[in-house]
């Protein structure tokens, strides 16, 4: 392979560990590699073929390039074309903008216009979603991968010995990743080729990726979870990437068995959906060795290991940055690990003073949340953050006082283990006391029929906020509010101010494309929705009563009485 590359005048740089500095270089390393690189249920490609297909897409993009940011929007499910366009963009110095197919209408239009896409790659279904939007693009700026002439068009750009564009280096912008926007407006995170390459090697070492892996990609490729924890490490090691169009709880185990998958990634709600599927006595008959994910409950993780026999690495990270946590096999359930270095701290976001250590009971329940829960910061992490696209105010909020502020809450226990306690927007203040929404979510998830939950604040008609919990259950009509109230009463770690005053019970809560519950949407709707809404009544132990439309009208009149109508969503 070295001779092949030298013959076309391309020199690939390596650091002193033999690691490449760009995704383009890592991709070119796979020329001549006839190990399986990409698989679907219908077709397989070797890594060599993946590189050639990628280079053809890159050349096609280059032929269509116009002045301005070389941003290529991709609106596709997990298909081979998404992978080929990732590689193609890397080779020609383009930037992939993964477009979330769960967005619609004005929100979708605003996001696409914001990131200045000059080209959009999609299919007939995606084009139907975009056709009514004003994206500022002429029809020739759309590439439909399922049009009959598309593959012939790509074939015309096939090269025997592709190379990277001379301008490509580690600083080349590879990705614009929209944040999930679960508690606020989405932002586009910048990720360079150098950063993604570093993550590929770091995550390979951290989570045990190897050449022999068969990586099952069931999380969406427009999200950092699949790109940073699966696709990039697979590229670094020459492992197999197996695609399914989208996550399916019922299709998970059949896919794992079909591909012989050894590794997968997840987010919390996806794991909860898996655990809600009927158990079979042969669940453990599979090839899985391990998985990586975020925000799953300790109960779901333990149940997954019991049923499927694979090890789970519960990590912490975000599209903006990583490296805050070092894994420790001795970490208790629920812990992320240990702070990665001395500059990781939990601080009061107002005073910047370090919070105290958490005192936990025998069950790991925090006994002093006000003293120990604060924002997770990296006092030396400002240089690693590459910023947001066209959002200077959001960048400034992340980089205050020379520190990198994660926007996430956490705490450290007396043994030095670090825990995630929710997003900054998950801090709910009730009667002058702070409550972590994530803590309440974990408690609600213990209830047998709850598949997923989102906890958030809603305004109180007199002052401050109240806690509201949205519960996703398999059968709304079978939900027993009195039994749920009794369950909450029995939870020793549920603070007196933390019990949800409102319950929203649904069979289908709104989620992002990566299966995270969209709390800001739930918060805006408060009790005005078509789902069942229960309200806590009385004093002492919670008693829930189903709200009628008249009840909701009377509640909102209280906001008028006390001059707080402005706190209600329009």
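The values are calculated or read from the model by the stated rules, or taken from the named source; none is laboratory data. Nothing here was measured: the structure is a model prediction, and the numbers come from that model. Using ideal geometry, Cβ is built from the backbone for each residue, glycine included, and neighbour counts are taken over all protein chains shown.
Between 409, 399, which is surrounded by fewer than 18 Cβ atoms within 10 Å (Cβ to Cβ) and outside the structural domain of residue 478 (by TED's automatic domain parsing)? Steps first, answer last, please.
Values: 409 fails: surrounded by fewer than 18 Cβ atoms within 10 Å (Cβ to Cβ).
Of the residues listed, the single one that is surrounded by fewer than 18 Cβ atoms within 10 Å (Cβ to Cβ) and outside the structural domain of residue 478 (by TED's automatic domain parsing) is 399.
From the residues in the stretch 299-319 that are out of contact with any helix residue (DSSP H, G or I) (no Cβ under 7 Å at 6 or more places or on another chain) and touching a residue at least 60 places away in the same chain (Cβ under 8 Å), which one is surrounded by the fewest Cβ atoms within 10 Å (Cβ to Cβ)?
299
Please state which one of 274, 227, 221 is over 22 Å from residue 298 (Cα atoms), part of a helix (DSSP H, G or I) and within 20 Å of the chain's Cα centre (by Cα). First the steps, then the outcome.
Values: 274 fails: over 22 Å from residue 298 (Cα atoms); 221 fails: part of a helix (DSSP H, G or I).
Answer to the selection: 227.
When you check residue 499 against the structure, is it over 30 Å from residue 187 (Cβ atoms) and not in a helix (DSSP H, G or I), yes or no?
Details: over 30 Å from residue 187 (Cβ atoms): yes; not in a helix (DSSP H, G or I): yes.
Taking the combined requirement at face value, the residue satisfies it.
Please go through (1) more than 30 Å from residue 188 (Cα to Cα); (2) buried (at least 18 other Cβ atoms within 10 Å of the Cβ); (3) in contact with a strand residue (DSSP E or B) (Cβ under 8 Å, 6 or more places away or on another chain) for residue 443 and return the number of the only condition it doesn't satisfy.
Only one criterion in (1) more than 30 Å from residue 188 (Cα to Cα); (2) buried (at least 18 other Cβ atoms within 10 Å of the Cβ); (3) in contact with a strand residue (DSSP E or B) (Cβ under 8 Å, 6 or more places away or on another chain) is unmet by residue 443, namely (3).
Go through the stretch 448-465 and give me each residue that's over 18 Å from residue 297 (Cβ atoms) and under 27 Å from the mean Cα position of the chain (by Cα). Steps first, please.
First, pick out the residues of the stretch 448-465 that are over 18 Å from residue 297 (Cβ atoms): 457-465.
Residues satisfying the conditions are 457, 458.
Of all residues being farther than 18 Å from residue 209 by Cα and surrounded by fewer than 20 Cβ atoms within 10 Å (Cβ to Cβ) in the stretch 320-330, which is farthest from the chain's Cα centre (by Cα)? Just the residue, please.
330
Does residue 425 meet the test of being touching a helix residue (DSSP H, G or I) at 6+ places or on another chain (Cβ under 8 Å), under 26 Å from residue 494 (Cβ atoms) and in contact (Cβ under 8 Å) with a residue 24 or more places away in the chain?
Numbers: touching a helix residue (DSSP H, G or I) at 6+ places or on another chain (Cβ under 8 Å): yes; under 26 Å from residue 494 (Cβ atoms): yes; in contact (Cβ under 8 Å) with a residue 24 or more places away in the chain: yes.
Spelling it out, residue 425 is indeed touching a helix residue (DSSP H, G or I) at 6+ places or on another chain (Cβ under 8 Å), under 26 Å from residue 494 (Cβ atoms) and in contact (Cβ under 8 Å) with a residue 24 or more places away in the chain.
Confirm whether residue 3 is surrounded by fewer than 22 Cβ atoms within 10 Å (Cβ to Cβ), modelled with pLDDT under 95 and under 30 Å from the mean Cα position of the chain (by Cα).
Against the criterion (surrounded by fewer than 22 Cβ atoms within 10 Å (Cβ to Cβ), modelled with pLDDT under 95 and under 30 Å from the mean Cα position of the chain (by Cα)), residue 3 does not qualify.
Taking strands (runs of 3 or more DSSP E) that fall entirely within the stretch 300-394, which contain at least 2 residues that are outside the structural domain of residue 409 (by TED's automatic domain parsing)? Steps first, please.
Values: elements: 311-314, 344-347, 374-378.
Result: 311-314.
In the stretch 500-517, which residue that is within 22 Å of residue 223 (Cα to Cα) and in contact with a strand residue (DSSP E or B) (Cβ under 8 Å, 6 or more places away or on another chain) is surrounded by the fewest Cβ atoms within 10 Å (Cβ to Cβ)? Outline the logic, then answer.
Filtering the stretch 500-517 for residues within 22 Å of residue 223 (Cα to Cα) gives 508-517.
From what's left, in contact with a strand residue (DSSP E or B) (Cβ under 8 Å, 6 or more places away or on another chain): 508-511, 514-517.
Details: 508: 8, 509: 22, 510: 16, 511: 20, 514: 22, 515: 23, 516: 21, 517: 23.
For the stretch 500-517, the residue satisfying everything is 508.
In a helix (DSSP H, G or I), assigned by TED's automatic domain parsing to the domain that holds residue 36 and buried (at least 24 other Cβ atoms within 10 Å of the Cβ): does that describe residue 197?
Values: in a helix (DSSP H, G or I): yes; assigned by TED's automatic domain parsing to the domain that holds residue 36: yes; buried (at least 24 other Cβ atoms within 10 Å of the Cβ): yes.
Yes, satisfied.
For residue 471, all conditions in the list (1) assigned by TED's automatic domain parsing to the domain that holds residue 345; (2) part of a strand (DSSP E or B) hold save one; what is the number of the exception?
The number of the failed condition is (1).
Just to check your reading of the model, which residue among 89, 128 is within 25 Å of the chain's Cα centre (by Cα) and farther than 19 Å from residue 243 by Cα? Walk me through how you get there before you give the answer.
Numbers: 128 fails: within 25 Å of the chain's Cα centre (by Cα).
Only one candidate passes the filter, namely 89.
How many residues does the stretch 486-496 contain that are surrounded by fewer than 21 Cβ atoms within 10 Å (Cβ to Cβ) and part of a helix (DSSP H, G or I)? Steps first, answer last, please.
If we filter the stretch 486-496 for residues that are surrounded by fewer than 21 Cβ atoms within 10 Å (Cβ to Cβ), which is where we start, we get 486-487, 489-496.
Still in the list and also part of a helix (DSSP H, G or I): 486-487, 489.
Of the residues in the stretch 486-496, 3 are surrounded by fewer than 21 Cβ atoms within 10 Å (Cβ to Cβ) and part of a helix (DSSP H, G or I).
Here's the yes/no breakdown for (1) modelled with pLDDT under 95; (2) within 18 Å of residue 215 (Cα to Cα); (3) out of contact with any strand residue (DSSP E or B) (no Cβ under 7 Å at 6 or more places or on another chain):
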| position | (1), (2), (3) |
| --- | --- |
| 7 | yes, no, yes |
| 27 | no, yes, yes |
| 30 | no, yes, no |
| 39 | no, yes, no |
| 42 | no, yes, yes |
| 58 | no, no, yes |
| 73 | no, no, no |
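Tell me which residues, restricted to the stretch 461-484, are in contact with a strand residue (DSSP E or B) (Cβ under 6 Å, 6 or more places away or on another chain), surrounded by fewer than 20 Cβ atoms within 10 Å (Cβ to Cβ) and touching a residue at least 40 places away in the same chain (Cβ under 8 Å).
Within the stretch 461-484, 476, 481 qualify.
For every residue, the table says whether it meets (1) modelled with pLDDT under 95; (2) outside the structural domain of residue 392 (by TED's automatic domain parsing); (3) closer than 23 Å to residue 33 by Cα; (4) touching a helix residue (DSSP H, G or I) at 6+ places or on another chain (Cβ under 9 Å).
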{"position": "174", "(1), (2), (3), (4)": "no, yes, no, yes"}
{"position": "185", "(1), (2), (3), (4)": "yes, yes, no, yes"}
{"position": "213", "(1), (2), (3), (4)": "no, yes, yes, yes"}
{"position": "216", "(1), (2), (3), (4)": "no, yes, yes, yes"}
{"position": "234", "(1), (2), (3), (4)": "no, yes, yes, yes"}
{"position": "260", "(1), (2), (3), (4)": "no, yes, yes, no"}
{"position": "270", "(1), (2), (3), (4)": "yes, yes, no, yes"}
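For the stretch 182-194, does any single residue satisfy the condition of being assigned to a helix (DSSP H, G or I), under 23 Å from the mean Cα position of the chain (by Cα) and surrounded by 16 or more Cβ atoms within 10 Å (Cβ to Cβ)?
Step one: list which residues in the stretch 182-194 are assigned to a helix (DSSP H, G or I), which gives 193-194.
Okay, now just the ones that are also under 23 Å from the mean Cα position of the chain (by Cα), so 193-194.
Now drop any that are not surrounded by 16 or more Cβ atoms within 10 Å (Cβ to Cβ), which leaves 193-194.
Yes, the conditions are met somewhere in the stretch 182-194.
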